[in-house]
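Coordinate-derived values only; no laboratory data. The model shown is predicted, which means the values in this text are computed figures rather than measured ones. Please note: Cβ atoms are built from the backbone with ideal geometry, for glycine as well, and neighbour counts cover all protein chains shown.
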Amino acid sequence: MSLPFRGYECSPWELRWRGLAVDQLQRTESTFALSNGHIGVRGTLEEGEPRGLPGTYLNGFYEEHELPYAEAGYGYPEAGQTVVNVTDGKVIRMLVEDEPFDMRYGSATAHDRVLDFRTGTLTRTTEWESPTGRRVRVRTQRLVSFTQRAVVAIRYEVEPLEDDLQLVLQSDLLANEPIESDAGDPRVAAALQCPLESEFTYAQHYRAALVHRTKRSGLRMAAAMDHQIESPDGLRTEIAVENDLARLTVAVDVPRGKRVRLTKFLGYGWSAQRSIPALRAQVDAALAGALQTGWDGLLAEQKAFLDDFWDTADIQIDGDPELQQATRFALFHVLQAGARGESRAIPGKGLTGPGYDGHAFWDTESFVLPVLTYTMPEAARDALRWRHSTLDKARDRARQLGLRGAAFPWRSINGAECSAYWPAGTAAFHVSADIADAVARYLAATEDREFERTCGTEMLVETARLWMSLGHYDSHGRFRIDGVTGPDEYSAVADNNVYTNLMAARNLREAAASCERIPQVARALEATEHELGTWREAADRMLIPYDRELGVHPQSEGFTEHADWDFAGTPQRNYPLLLNYPYFDLYRKQVVKQADLVLALHLCGDAFTPEEKTRDFAYYEERTVRDSSLSAGTQAVVAAEVGHLELAYDYLGEAALTDLRDVHNNVRNGLHMASLAGAWNGVVAGFGGMRDHNGKLAFAPRLPPQLSRIEFRMCLRDSRFAVEVHAERATYRLLSGKPVEITHHGKACTVSEEPLSLPIPVLDPGPPPRQPTGREPSRRKPEHIRRPAGAARESTPG
Ligand code: BGC
């Protein structure tokens, strides 16, 4: 392979990579992953090899394994869950005369792959010369359908470039594909080998199916394929099936100037309960639908779905093309993670890789759902319905812990707690308040009373009850929540974490308000007026620690009295700190992994004065090391609010480019959904200053000098509107629906069809805050902005 690679090219509506770099494949397999929230396929090459890490995932389909403990303790979760690499339907191998098409051999004169954010397809074009000089052009395109959620489709076209050639294509369904695990890094998921047991197979004409079941979790899945072939005469085909492999073989002589075109339709389904015949029928039906729509029809549906999404959600950024691309890339992947999840979780990596064992965390409710609430609210609702469907498990967990109400899991696929490390798992009770917050935000943004009646009120009530049993009144009549872990995982089991307490107070108030809106549900849940009164009182008396001497909030009681971390004496190679220092030491020092108090400044901003925000932000900037990808987006938001616009711009760049630049050196295991969502947050809540405290929409836009204009779109109830920001003015305009009430820098106004243009007040932010030595975000400089990411790198691997 002689073609040099140049990394991603900078372009507003697509992600393109020219050339092949075998050592970069794992990275691009994640960034080029396609998903609709139900099925996810990594961006591996059709011929299966060379490859980094293959992966095909079905949302919610997992295998169980034991969680071993050196020392047992009461209430430790006993079983873990791991996402399974299911039957791979992407594989299409080829023989050119008698030589396998394999990019590690021969040479490629052209090779590029393009993820198109508007068509929702991954396209590949390769011109390849075999070791003995036979030349072909291969063009493939694939999609995971947003409109037919069980369907994946691939078009594979080959044309001889010089001579007439005999071509043999082998289109596979492959189960129990061997995968290598990366167990050296504790953050990386444990991969399971051969998790599937064959239960049923069939093959006929161009169609085949495999049905498998997991060994321990007992989940059943089916994958089926069918094909259409367009080719010169003389085609010979054969279909064969074994337990873990179904294969359609197509052999044909293709004269120069002609081509062979194979269109492969895949149907996927899984169930914990359905029988083999029922699942087989399900995937056959998915194929029937896909064939009836046809390849062109699937492409057209995909485009129409995305046109509608971008009409509601697009972000335009003038002055930084790389950030423009990264922001749309981020939105596209957030959409892919959530669009058709339909009452399943949105995992921390979406369905782009096996990282974090495929678990969902608070990342979903606190980072991803705000984006979806204002861009595709049905997807936010469905993700919350998944949480609702796990309420019984959350109630059981609360009971097991001696608590009332519902304790949602820190990490899970099916709703049961899977975190074996309780200080950063079970003790991170804030996840329940984060879920309640996402419910309240969704209800305020949509007024979806049906969801509130069937799911929302119950979730708010059960989480409110958790806080009442977890907290207590001290002798001064203050409501305390002791012994919990907040968002910052470098502090654990601390008292009165400000973020947790403020979010719990909101949870209690929202639960009471929802009960009053829907009294019949409140009655059914036995939430009496007295109980509502106790929630409101606890919220009003919630203890929020404050360090008067320093004039800042300790993120938890006593935090500001801890010893400082020796940042100057910490070499850069020792980050992330969790891999190089004992937690014991991190826990007792003032070192912050990720925004915690600063996240409170964003999400609970109405509980702080502007002066407090400025002082708190500066204090925590000096102590935050960003060892989590969840941090930069939030730091961008608060930096923008307190007026440090250039710093906000740097943080936004880091959040948006986390995966494209592989900032945390683990993108091979999947994309970071919360960080991608952080790109939206950085633009909309950062430079747009959007806040939604108490269900009211407020904007306080301000641009950094590097950007000449941004425009973002949002939906609220049945309305869509756009906010356009220039250096000195912002313009609001309604795109459809009823006028929307907002505030602009504190002034109430109405967004209607007539564009409303308002001045932006100037803010003097004072001196810029400092970061720990070496942990400053990298500066986004204009010369660096114009160059495509990775453009300087050249290599001739393989
Ligand atoms: C972060 C958590 C996060 C998890 C999954 C950890 O590194 O500290 O806050 O939920 O990653 O993204």
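Semi-axes, largest first, in whole Å: what does sqrt of 5 times each Cα gyration tensor eigenvalue give for the range 77-122? Don't jump to the answer; show the numbers that get you there.
Details: eigenvalues 222, 81, 24 Å².
That gives 33, 20, 11 Å for the three semi-axes.
Take every Cα pair under 8 Å in the chain that's 6+ residues apart, average their separations, divide by the length, and report that relative contact order as a whole percent.
Numbers: 1884 pairs, mean separation 103.8, N = 798.
It comes to 13 percent, rounded to a whole number.
Let's see if you can work this out: charge +1 on each Lys and Arg Cβ, -1 on each Asp and Glu Cβ, no other charges. What is the dipole magnitude of the range 365-432 about its Cα centre, in debye to the nearest 20?
Dipole size: approximately 220 debye.
Taking the mean number of other Cβ atoms within 10 Å as a proxy for protection, how do you rank 771-778, 11-18 from highest to lowest?
11-18, 771-778
Which value in deg cm²/dmol, rounded to the nearest 500, describes the helix-derived mean residue ellipticity at 222 nm for the chain, given -39,500 (n - 2.57) per DSSP H run of n ≥ 4 and division by the residue count? Walk me through the numbers before you get to the answer.
Working: 18 runs with 223 residues, N = 798.
It lands at -8500 deg cm²/dmol.
Of Lys258/Lys303; Lys303/Lys696; Lys264/Lys303; Lys303/Lys738, which sit over 23 Å apart, Cα to Cα? Walk me through the intermediate numbers first.
Numbers: Lys258/Lys303 29 Å; Lys303/Lys696 33 Å; Lys264/Lys303 19 Å; Lys303/Lys738 27 Å.
The pairs that break the limit, which is 23 Å between Cα atoms, are Lys258/Lys303; Lys303/Lys696; Lys303/Lys738.
With a 10 Å radius around each residue's Cβ, average the other Cβ atoms per peptide and rank 364-376, 114-126, 217-229, 577-589, highest first.
Numbers: 364-376: 26.4, 114-126: 20.4, 217-229: 22.0, 577-589: 14.4.
By packing density, highest mean first, the sequence is 364-376, 217-229, 114-126, 577-589.
Hey, if you put +1 on the Cβ of every Lys and Arg and -1 on every Asp and Glu Cβ in the chain, which of His726, Cys418, Tyr69 ends up farthest toward the positive end of that dipole?
Value: His726.
On average over all directions, what projected area in square nanometres does the chain have, based on the convex hull of its Cα atoms?
Details: hull surface 134.3 nm².
Average of the hull's projected areas for the chain equals 33.6 nm².
What's the angle, to the nearest 10 degrees (0 to 90), between helix 276-313's Cα axis and the longest principal axis of the chain?
Approximately 60 degrees, to the nearest 10.
Specify the angular offset, from 0 to 90 degrees and rounded to the nearest 10, of the alpha carbon long axis of helix 457-470 from the longest principal axis of the alpha carbons in the chain.
The two axes meet at around 60 degrees.
Please say if the range 311-353 is rounded, prolate or oblate, where rounded means a/c under 1.5 for a ≥ b ≥ c the square roots of the C-alpha gyration tensor eigenvalues, and otherwise the choice is prolate for a/b larger than b/c and oblate otherwise? Could the numbers behind the result be given before it?
Numbers: a/c = 4.70, a/b = 2.05, b/c = 2.29.
Note, shape of the range 311-353 comes out oblate.
I'd like to know which of Asn507, Gln302, Ala438 lies farthest towards the positive end of the charge dipole of the chain, counting +1 on Cβ of Lys and Arg and -1 on Cβ of Asp and Glu.
About the Cα centre, the residue reaching furthest to the positive side is Gln302.
Report the extension gain between Lys781 and Lys215 in nm, rounded to one decimal, defined as 0.36 nm multiplied by the number of residues separating them, less their alpha carbon distance.
Values: separation 566, 0.36 × 566 = 203.76 nm, distance 5.30 nm.
Full extension of this stretch gives 198.5 nm more.
Translational D (Stokes-Einstein, µm²/s) of the range 547-706 at 10 °C and 1.306 mPa s when Rh comes from the Kirkwood sum over C-alpha pairs?
Values: Rh = 16.4 Å.
Stokes-Einstein gives a translational diffusion coefficient of 97 µm²/s.
Suppose R0 equals 22 Å. What FRET efficiency, 1/(1 + (r/R0)^6) with r the Cβ-Cβ distance, do Gln166 and Asp296 give to the nearest 0.05? Each step should come with its number before you reach the end.
Values: r = 29 Å, r/R0 = 1.32.
That gives a FRET efficiency of 0.15.
When the dipole is taken about the Cα centre of the chain, and only Lys, Arg (+1) and Asp, Glu (-1) are charged at their Cβ, what size is it in debye, to the nearest 20?
Values: 90 positive and 112 negative charges, 145 e Å.
Using Cβ point charges on Lys, Arg, Asp and Glu, the chain gives about 700 debye.
Under the √(5λ) rule applied to the eigenvalues of the Cα gyration tensor, what semi-axes describe the equivalent ellipsoid of the range 32-311? Give them in Å, descending. Don't skip to the answer; put the middle values down first.
Details: eigenvalues 230, 91, 76 Å².
Those come to 34, 21, 19 Å.
Using +1 at the C-beta of Lys and Arg and -1 at the C-beta of Asp and Glu, which of Gln520, His530, Ser556 has the Cα lying farthest in the positive direction of the dipole of the range 507-586?
Value computed over the given set: Gln520.
How high is the relative contact order of the range 32-311, in percent, counting Cα pairs under 8 Å that sit 6 or more residues apart? Show your work: numbers first, answer last.
Values: 664 pairs, mean separation 51.1, N = 280.
That works out to 18 percent.
Please give, to one decimal in nm, the separation of the simple spin-label points placed at Tyr74 and Leu235, each 7 Å out from Cα toward the Cβ.
About 6.8 nm, to one decimal.
Dipole magnitude of the range 1-151 about its Cα centre, charges +1 at Lys/Arg Cβ and -1 at Asp/Glu Cβ only, in debye to the nearest 20? All intermediate terms of the calculation are to be shown ahead of the outcome.
On the way: 18 positive and 21 negative charges, 175 e Å.
The dipole magnitude comes to about 840 debye.
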